[in-house]
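The values are calculated or read from the model by the stated rules, or taken from the named source; none is laboratory data. Note that the coordinates shown come from a computational prediction; the quantities given were computed from them, not determined experimentally. Glycine also receives a Cβ, built like all others from the backbone with ideal geometry; neighbour counts cover every protein chain displayed.
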């Protein structure tokens, strides 16, 4: 087999970051991720036809080697065969992403992505510079009734254990995961929920007499509301409500958290949208996972280890290029005026990383990036309002 230095360097790096995996398993994981970058697809055939000429092997040989990666032990030939446990890859992924972070704070986004009626993938991803790296997930069979709460608790606990002490983790959940029980489970792990809720719920600020609909606290554009109190008349959930509505937005942001009114900012919730970009990368915008022919949830769960690693690699390389731009032949564009619209990211990190990696591989090199998180916006003080002032502002049709 011809030696290909970038592949060997990448394999050594993966083996270093996944020290608990057998060397052979780590090598196939690295090979899979390398093939995804070459083929720009996770489809087995596409990866095989790109790797076989590189390795100097027959396509069927490479195909069988890659298939062994996600097969269960019982389906493998020979004695003493083992199978990869996707849960064991959470800690290495988390440590890889967060290594060297000066500010020990991160945004964790749990969400669900569906593959038709075949799979439900419950994923927890670390939000990073406009995208997200999945670090813990559970693949469930579609079309079956199954409680998701235990899976969410297990995934969050897995991330919390991988991070260890000293981290401030803000867990961003959308309205589809609104649940007092999940809120309490997140807080019990030492994480901070920032849970978007529906306007039809109720909230009573501390010291007020009545519960009011959550939507009433952001009835108009402009003023923001932040107060500790109790949400829901049935569960009676102690929490803090952050409410705001921007001009031109059809719906307000109504967020519940366990942080104090002055310790959290509703704009942090914008990081949650980055997991949608992460799912786009895994599907049609990147690895084309919706083309997979896998039907067994356990095999798909192992394939997600490859998807997560390849996504991490490209975002790492793209992020390093974004934080340390090369000298250009023309001056940079002027920054927006104070109070103006923020400048948009000119290139998605995934695309930027893919281009840089392919160029380096052609040159016979391997790129090592780094994760440098962006600064979080600081919470802004919100004027207090009493119940009488609030009621005087309410209008009814």
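Condition check: free of Cβ contacts under 8 Å to residues at least 60 places away in the same chain, buried (at least 20 other Cβ atoms within 10 Å of the Cβ), assigned to a strand (DSSP E or B) and touching a strand residue (DSSP E or B) at 6+ places or on another chain (Cβ under 9 Å). Does residue 255 satisfy that? Steps first, please.
Details: free of Cβ contacts under 8 Å to residues at least 60 places away in the same chain: no; buried (at least 20 other Cβ atoms within 10 Å of the Cβ): yes; assigned to a strand (DSSP E or B): yes; touching a strand residue (DSSP E or B) at 6+ places or on another chain (Cβ under 9 Å): yes.
Spelling it out, it is not the case that residue 255 is free of Cβ contacts under 8 Å to residues at least 60 places away in the same chain, buried (at least 20 other Cβ atoms within 10 Å of the Cβ), assigned to a strand (DSSP E or B) and touching a strand residue (DSSP E or B) at 6+ places or on another chain (Cβ under 9 Å).
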Self-check item: Pair list, Cβ < 6 Å and 6+ apart or interchain, from region 347-364 residues that are surrounded by fewer than 15 Cβ atoms within 10 Å (Cβ to Cβ) to residues that are in a helix (DSSP H, G or I)
Solution: 364/5
Practice problem: Can you confirm whether region 14-33 contains a residue that is in contact with a helix residue (DSSP H, G or I) (Cβ under 6 Å, 6 or more places away or on another chain) and not in a helix (DSSP H, G or I)? | Solution: yes
Practice problem: Return only the number of the condition from (1) crowded, with 17+ Cβ neighbours inside 10 Å; (2) under 27 Å from residue 121 (Cβ atoms); (3) touching a helix residue (DSSP H, G or I) at 6+ places or on another chain (Cβ under 9 Å) that residue 284 does not satisfy. | Solution: (1)
Quiz prompt | Flag if residue 100 is more than 19 Å from residue 299 (Cβ to Cβ), at pLDDT below 95 and surrounded by 20 or more Cβ atoms within 10 Å (Cβ to Cβ) | solution = no
Exercise. Determine, yes or no, whether residue 184 is surrounded by fewer than 13 Cβ atoms within 10 Å (Cβ to Cβ) and modelled with pLDDT of 95 or more.
Key: no
Exercise. Kindly indicate which of 228, 264 is touching a strand residue (DSSP E or B) at 6+ places or on another chain (Cβ under 9 Å), closer than 18 Å to residue 383 by Cα and not in a strand (DSSP E or B).
Key: 264
Self-check item: Candidate set: region 208-226, residues that are surrounded by 21 or more Cβ atoms within 10 Å (Cβ to Cβ) and out of contact with any helix residue (DSSP H, G or I) (no Cβ under 7 Å at 6 or more places or on another chain); chosen: the one nearest to residue 178 (Cα to Cα)
Solution: 214
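Are there helices (runs of 4 or more DSSP H) fully within region 37-121 with at least 3 residues that are without any contact (Cβ under 8 Å) to a residue 24 or more places away in the chain, under 29 Å from the mean Cα position of the chain (by Cα) and farther than 25 Å from residue 141 by Cα? List them. Show your work before the answer.
Numbers: elements: 44-55, 59-70, 90-98.
Passing ranges, in order: 44-55.
Residues checked against (1) surrounded by fewer than 20 Cβ atoms within 10 Å (Cβ to Cβ); (2) modelled with pLDDT under 70; (3) in contact with a helix residue (DSSP H, G or I) (Cβ under 9 Å, 6 or more places away or on another chain); (4) part of a helix (DSSP H, G or I):
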residue: 319; (1), (2), (3), (4): no, no, yes, yes
residue: 334; (1), (2), (3), (4): yes, yes, no, no
residue: 375; (1), (2), (3), (4): yes, no, no, no
residue: 382; (1), (2), (3), (4): yes, no, no, no
residue: 391; (1), (2), (3), (4): yes, no, no, yes
